[in-house]
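Novice: Here it is: the structure, laid out below.
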Amino acid sequence: MLLQIFSLILHFAVGLVAGTCLLRMYMHLQRINLSSSGGNPLAPFVFTITNWIVLPVRRFVPALGRLDTASLVAAYAVLLAKHSLLWIVAGATAHWLTLVTHAGFELLSVILSSLMWMVIGYALMSWFSAASDVRYFLAQLVEPLLRPMRRILPQMGGVDLSPIALMLVIQIAEIVLHTLQAQVVF
């Protein structure tokens with residue numbers, strides 16, 4: 001029971017940090033203003049959660065073009081540390097390749113679930129006509145992902161099906177990911 005409680009708390013904390021690191025990376029990739037003075041409502045939160053790990057990693061891991069690789073490496077490192085700690089606490093012995101692989105699959109899973117939540121948030125906010133900083137921020141994150149869907153899907157009388165199509169694609173990617181993870185056994 002205590003191991004389950006510890007695992008739950010660790011999973012939540014690591015998911016928050018890793019997901020926020022990935023959000024930071026994605027915001028940088030999309031050239032979204034990361035300053036709170038620029039009207040970004042999440043910037044202070046993102047920096048508070050991630051600076052402690054991203055800034056030290058950034059000294060050793062340079063960016064690749066617009067890709068903030070330090071944030072990506074930081075997210076992966078946090079997930080790898082979580083898997084290692086859970087293996088140690090559980091008293092299990094694992095090959096290092098198993099831990100590296102499990103952390104990699106979880107990183108991909110966090111990316112997909114984060115995308116899903118962003119699309120859901122964007123779709124819910126689109127139902128309300130009130131303009132807000134959060135709605136604008138979500139639009140900056142999700143619109144680049146919806147544009148390819150809108151080019152493929154026909155117009156349906158004022159109903160935008162692109163968020164549903166994107167969520168379907170994300171769900172398919174999650175199924176493929178979980179199938180691959182189940183097949184990779186060390």
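Novice: Would you mind stating whether ASP160 is acidic (Asp, Glu), out of contact with any helix residue (DSSP H, G or I) (no Cβ under 7 Å at 6 or more places or on another chain) and at negative phi?
Specialist: yes
Novice: Of all the residues that make up the range 58-73, how many are surrounded by 12 or more Cβ atoms within 10 Å (Cβ to Cβ) and in contact with a Leu (Cβ under 9 Å, 6 or more places away or on another chain)?
Specialist: Residues flagged as surrounded by 12 or more Cβ atoms within 10 Å (Cβ to Cβ) and in contact with a Leu (Cβ under 9 Å, 6 or more places away or on another chain) within the range 58-73 amount to 6.
Novice: Scan the range 9-30 and give yes if some residue there is in contact (Cβ under 8 Å) with a residue 40 or more places away in the chain and in contact with a His (Cβ under 7 Å, 6 or more places away or on another chain), otherwise no.
Specialist: No, every residue in the range 9-30 fails to be in contact (Cβ under 8 Å) with a residue 40 or more places away in the chain and in contact with a His (Cβ under 7 Å, 6 or more places away or on another chain).
Novice: Condition check: touching a Lys or Arg at 6+ places or on another chain (Cβ under 9 Å), at pLDDT 95 or above, open to solvent by less than 50 Å² (accessible area, probe 1.4 Å) and polar (S, T, N, Q). Does THR50 satisfy that?
Specialist: yes
The values are calculated or read from the model by the stated rules, or taken from the named source; none is laboratory data. All of these numbers come straight from a predicted model, not from anything done at the bench. With ideal geometry, Cβ positions are generated from the backbone for all residues, glycine too; neighbour counts draw on all protein chains shown. The area values use the complete protein model at the heavy-atom level, side chains included, leaving out ligands, DNA and RNA. Shrake-Rupley method; radii C 1.70, N 1.55, O 1.52, S 1.80 Å.
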